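Worksheet for the structure shown next.
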Amino acid sequence: MIGLLMTSLFFLQLRKPLVEKLRRERINSSIEQLKSLLGPEFLKQQPDSKLEKAEILEMTVCFLTQLLQQNQQQRRQLNRLKSTKACFDDNLTKAEISLSSTVQSITDEDPDCEVLWRPW
């Protein structure tokens, strides 16, 4: 029993550094991926210096924040355009109805009257 407990303890002591090493490798790999994805942005900020991990993370947060703000601004502009188009469509429909009723009332007043269409 004591031998099994000692073996388990020994195994855990060996496993813990290995798990920690794998975790650090994943973190470093992810930070390198961020650095390569945002490479042009990083080069604009500090072209010749080696960036620390914290700087890479800070610049990533800054870049993503700017991207989010641009996205929100574009959505607001799109919503304004949609609203303007809806208003325009509504006014156009009202104008078409008004024109149609005007033409109808003219032809109703004089049944012999033919409405001529002139493209000029």
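The values are calculated or read from the model by the stated rules, or taken from the named source; none is laboratory data. This is a predicted model, so every value here is computed, not measured. In this analysis, Cβ positions are derived from the backbone assuming ideal geometry, glycine residues included, and neighbour counts consider all displayed protein chains.
Conditions (1) modelled with pLDDT under 80; (2) surrounded by 10 or more Cβ atoms within 10 Å (Cβ to Cβ), marked per residue:
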{"position": "Thr7", "(1), (2)": "yes, yes"}
{"position": "Ala54", "(1), (2)": "no, no"}
{"position": "Asn79", "(1), (2)": "no, yes"}
{"position": "Phe88", "(1), (2)": "no, yes"}
{"position": "Thr93", "(1), (2)": "no, yes"}
{"position": "Ser101", "(1), (2)": "yes, yes"}
{"position": "Glu109", "(1), (2)": "yes, no"}
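Only a single criterion out of (1) in contact with a Leu (Cβ under 8 Å, 6 or more places away or on another chain); (2) at pLDDT below 75 is not satisfied by Arg118, namely (1).
When residues in the range 58-90 are screened for being in contact with an Asp or Glu (Cβ under 8 Å, 6 or more places away or on another chain) and of a type in the set (Phe, Trp, Tyr), 1 of them pass.
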